[in-house]
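Note sheet for the following structure.
The values are calculated or read from the model by the stated rules, or taken from the named source; none is laboratory data. In this text the structure is predicted, and so the values were computed from the model without any measurement. Note that each Cβ is placed from the backbone with ideal geometry, even for glycine, and that neighbours are counted across all protein chains shown.
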Amino acid sequence: MKQFTSNPFYKFILFPIGQMAVFVLGASLALSVLIILLAYIFRSSITANFDLVERTLLILPQVLINGITIGFVYATIALGYTMVYGVLEFINFSHSEIFMVGGIVGVELMAYFDHTGALETMNQYVVIALAVLLAMIISGTLAVTIERVAYKPLRNAPRLVPLISAIGMSFFLQDAVRLILSLTTGEFNVILPNFGTFDEFLVLAVPGIEAPLRFQIKSMLLIGVAVVMLVGLNFLVNGTKIGKAIRAVAQDRPSASLMGINVNLIISITFLVGGALGGAAGVLFALKVTRLDPFVGFFPGLKAFTAAVLGGIGNLTGALLGGLVLGLLESFGASYLSIFTNGAFGAEYKDILAFAVLILVLILRPSGLLGQTVAQKA
Amino acid sequence: MKTFFTELFKKANKGPWPLIITLSLLLVGTITVYQSPRSLTAFLTLMLCPLMLYFLKINSKVKLFIGLLLVIVIVPVLGIRNIFYLEVIFQMAVFAALALGLNIVIGMAGLLDLGYVAFYAVGAYTWAIFGSKQLSLLHSIPGAAPAGAAFALAPEWFWLFLFLGVGLAALAGILLGLPVLRLRGDYLAIVTLGFGEVIRVLALNLDKPINLTNGPQGITPIQRPPLPPDFILDPIRQLLAPVVGHAVTDAQLYNVFFYFLALIVILVAIMVARRLEDSKIGRAWTAIREDETAAIAMGIPLVRLKLAAFAAGASFAGCMGVVYAANRTFVSPETFSFLQSIGVLTMVILGGLGSIPGVIFGAAVVVLLNIQILQNFSLYLSELRQGDTVIPIINFAWKNLSNQLDPAKYQKLVFGIILVVMMIYRPSGLIPAERRQRELAEETE
C-alpha cells in the first residue's frame, strides 16, 4: 500500500483525478436521485399535459453535463478566492475582474488570429492553448499588481479597510477595461470568432435511454483543460517546495517567516497562481458563452465565492467540490424550476439560487462541506 | 503644504473675515447663478456657502439667518428659474439621507452592508404599488394593461405611506439581519450584496404569476401628494412671478415642494442620527464595532443591537424611497442596482465613516460629481467631437473618438478610484469623526 501512495504518478495524477471523478459522480448521483424523488412527489400537481417523471428523466443527462461543465469553471475561479483567503484571510473581491480580463485577453488574441487569417491554418487546440497561456500570464500579472498597489499598504489595517479597497478596485477594473475597449475597438463587447469544431456534438447512443447522449466537444474541452489545471495546481501546492511554503504561510504566518520564508514573496506568488487560474477560467468561460463584456465577471465571481464557501474556504479540495455542487445545482435549477412550478418561477431565478445556497450554508454549516471550524478571531 | 493651508485657515477664521467671505460668496453666487443659470462655476460658488458656514467661526444667530435665507429664499427662487438646481439639491438630499442610514450600519455599528439599496427599493416600491394603478392590474401581463384601471388609493395617503415606508423598510432590515447575525465582515458583505441583488431580481421578475412590480418596465404613473390649497399658493405665485421673470407653473411649484419635503426629511434624519449617536444604543454600537467579544463580556445584547442597527439604517432609506417614488412618478428595477449601493458606500467613505457632517458632505460631493461634473465633461467632449481639433501630442482627431466614450457613464470608475484612494491615504474620510480617526489611523501606522 505504501508504495502505491508514495509513487509520484499515483500521488499527483491518478489520485487527484480519481478524487475529482468521485466528486463528480457522487454529486451527480445525489442530485439526480433527489430530483427524481421530487418528480415523483410532485407528479400530480402539474397542470400541463406531460408526465413529470418522464420529462425529468429525459433532460437529466443534458442537465448533468451542463452542470459539470459550468461546475468546473466555477471550481477553477473558486480556487483563486480560496488560495488568497487561505494565505491572507481576506476575500479578494477583484478576482472576478481578473477572471474577466483573462477572458477578454484570450478572446482578443483569437480575434487577432482571425484578423490575420491565421485562424484557419492553425490547429484549433493550439489556438486555445495559446489563448489560455496568454490569459494566465496577463491575469497573474494583474493580480500581483493589484496586490502591490491596493492590498499591501493595508495589510495591518482593520478588516473593513482592505475589503472596501478590494471592492473599489473591482469597480475600477470593470470600467477601466470598458474604457480601454471603447478607445481601441469602439465598442465594449468582445465576440469569440467562429472557428474549429467546438460546436459539434459527439453522439453516443446508449441502449436503454431514448434520446442518444450528445456531448458537445466544447464541454469536453472545457472539462479537460480544467482537469489539467487542477491537477497542476494540486502538484504545485502539495509536491513542490513553493507549495510547502504557501501552505506554511497559510497555516501560521509569523512562524513561517521565522522559518526563513519570504512571506511577501509567497503572498505575491499566491496571487499570481490564483490570478492565472482565474484568467484561464475566463478563457474557458468565453468559449462557453462566446460573448464577453466588461461586466461579465460579477455573477460568476459571486457564484464562485459561494462555491468556495460551500466547500470550506481555505480548503482547495473544498473549492473543487463546492464548484461542482454549485454548478450542478445551478444547472438543475435553471432547467427544472420552471417545469416544477408550472412556469411561475423560471430560469431567471437561477442567479438567486446561488445566494440562497450561500445563506443556507452560512447559517447551517459555516465551515462548509469540507472545512474545519475556524476559531472566531476578533 | 498642510501647514500652509492650516495657517491660511486660521487667518481666515479670525475677526470679520469669516462673515465677509461668506457674505461675498453668497452675493457673488446668487448674482452669477441668476444671470447665467447653466454655469457650473456659479453653482459651485453658491454651494461653497453652506460649507463656509460649517467651517468658519461666525456668530450662531448670524449663521442661522444666512442659512435660512439661503435655504428658504434664495435656492427656491433660483430653482424656479432653472429647475435643474432644485433637481440636484433634491438628489443631494435623497442621497444624504441614504448615506446617513448607511452610516448608522457601517459607521456606527461596523456592519459592512453592501446591499443597502434593497431597503431603498422596498420603500419606493411600497408607495409605487399602492399609490398607482398597480393593485388593480395584479392579473394583467405587463404591457397589455387594460385601460380604465383605477388608482388604488387617493394621493393624500402619501403622508401615511411616509411612515409606512419607514416601518416596512425597518422590517426588511430585521429580516436581512436575522440570518447574518453570526457572520464576520467578509461574509456579511457578500451576503448583504446577495440580498441586494435578490431584491433587484425579484423586482425585475415579479410580473408573473401575479403582476406585483410590472417587471422591467417599472410602475408608472405614481401619484404625488396634493399641493397646498390655492389660498396659500396664489400670493406666493404673485410674489415670485416678477422675480423669476415668467409665470410659475404647477410643475415648478412641485419641484420646490419636493425640495422642501426632502430638506425636512433630512433635518429629521440628522436629528435622529445625532440622538442615536449620543445615546446608550450608539455607545453600545461603538462597543460592538471596536471589539465584539469584549462587548459581549460587558453584557451588551448583541442580537438586539445588530438588528436595531439594520432596522434604523434601513428606515432612513425606506422613507426616502417613498419620497423618491412620489417625485419621479416612476420606479423601475434599474435604479436599485449594485452600482447605487456602492455609490452610497462611496459617499460614506469619502465623507467620513461615522461622522454625520462628513457623510452629508460626501453625498453632496458625489452627487455633484455624477450629475454636474461628469455631465459637463461629457458635453465638453461632444463639443470637441463636433469640431475639427486634434489631441496635441498624439495627433488623434477628436472626431474619431468613439461615441461610446461617454464620461457620464463611467461612474463605476470614479467610485472605484475614490474608494481605493481614500482607503489607502485617508481611511477616516474627508471630515472624520474623531473617534474613528484615532481608531483607523493608529492601525495603519
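General remarks:
- Within the set A:Ala248, A:Ala176, A:Ala166, the sole residue that is out of contact with any strand residue (DSSP E or B) (no Cβ under 7 Å at 6 or more places or on another chain), crowded, with 20+ Cβ neighbours inside 10 Å and not charged (D, E, K, R) turns out to be A:Ala166.
- Matching residues in segment A:150-173 - criterion: being over 23 Å from the mean Cα position of the chain (by Cα) and at the interface with chain B (Cβ under 7 Å from one of its Cβ atoms): A:Ala150, A:Pro153, A:Leu154, A:Asn156, A:Ala157, A:Pro158, A:Arg159, A:Leu160, A:Val161, A:Ile164, A:Ser165
- For segment B:69-87, a tally of residues being closer than 20 Å to B:Ile373 by Cβ and touching a Leu at 6+ places or on another chain (Cβ under 7 Å) returns 2.
- Of all residues in segment B:335-350 being under 23 Å from B:Ala128 (Cβ atoms) and either without any contact (Cβ under 8 Å) to a residue 60 or more places away in the chain or hydroxyl-bearing (Ser, Thr, Tyr) (or both), the one that is surrounded by the fewest Cβ atoms within 10 Å (Cβ to Cβ): B:Ser337
- Within segment B:280-313, restricting attention to residues that are within 25 Å of the chain's Cα centre (by Cα) and without any contact (Cβ under 8 Å) to a residue 60 or more places away in the chain, the residue that is nearest to B:Ala99 (Cα to Cα) is B:Ala308.
- Residue count for segment A:7-37 under the criterion of being hydrophobic (A, V, I, L, M, F, W, C) and touching a helix residue (DSSP H, G or I) at 6+ places or on another chain (Cβ under 7 Å): the result is 10.
- Hey, A:Arg55 basic (Lys, Arg), part of a helix (DSSP H, G or I) and within 14 Å of chain B (Cβ to nearest Cβ) or not: no
- Condition check for B:Tyr54: within 30 Å of B:Gln217 (Cα to Cα) and in a helix (DSSP H, G or I): no
- Selected residue (criterion: nearest to the chain's Cα centre (by Cα)) from residues of segment A:92-121 that are buried (at least 19 other Cβ atoms within 10 Å of the Cβ) and of a type in the set (Ser, Thr, Tyr): A:Ser96
- Condition check for B:Tyr85: among the hydroxyl-bearing types (Ser, Thr, Tyr), under 30 Å from B:Ile349 (Cβ atoms) and modelled with pLDDT under 90: yes
- In the condition set (1) surrounded by fewer than 20 Cβ atoms within 10 Å (Cβ to Cβ); (2) at pLDDT 70 or above; (3) facing another protein chain (nearest Cβ under 10 Å), B:Val420 is compliant with all but (1).
- Considering (1) more than 14 Å from chain B (Cβ to nearest Cβ); (2) crowded, with 20+ Cβ neighbours inside 10 Å, the lone condition that A:Phe235 does not fulfil carries the number (2).
- Number of residues in segment B:161-195 that are within 18 Å of B:Gly123 (Cα to Cα), at the interface with chain A (Cβ under 10 Å from one of its Cβ atoms) and of a type in the set (Gly, Ala, Ser): the value is 0.
- Within segment B:202-221, the residues that satisfy the criterion of being under 26 Å from the mean Cα position of the chain (by Cα) and surrounded by 17 or more Cβ atoms within 10 Å (Cβ to Cβ) are B:Leu202, B:Ala203, B:Leu204, B:Thr213, B:Asn214, B:Gly215, B:Gly218, B:Ile219.
- Verdict on B:Leu353 being assigned by TED's automatic domain parsing to the domain that holds B:Leu276, over 20 Å from B:Glu197 (Cα atoms) and surrounded by 24 or more Cβ atoms within 10 Å (Cβ to Cβ): yes
- Filter result (within 23 Å of A:Ile77 (Cβ to Cβ), hydrophobic (A, V, I, L, M, F, W, C) and out of contact with any Gly (no Cβ under 6 Å at 6 or more places or on another chain)) within segment A:143-160: A:Val144, A:Ile146, A:Val149, A:Ala150
- When residues in segment B:334-359 are screened for being touching a Gly at 6+ places or on another chain (Cβ under 7 Å) and either aliphatic (A, V, I, L, M) or assigned to a helix (DSSP H, G or I) (or both), 10 of them pass.
- Test: residue in segment A:275-293 that is within 14 Å of chain B (Cβ to nearest Cβ), crowded, with 24+ Cβ neighbours inside 10 Å and over 13 Å from the mean Cα position of the chain (by Cα): no
- A:Gly196 more than 26 Å from A:Asn264 (Cβ to Cβ), modelled with pLDDT under 75 and within 14 Å of another protein chain (Cβ to nearest Cβ): no
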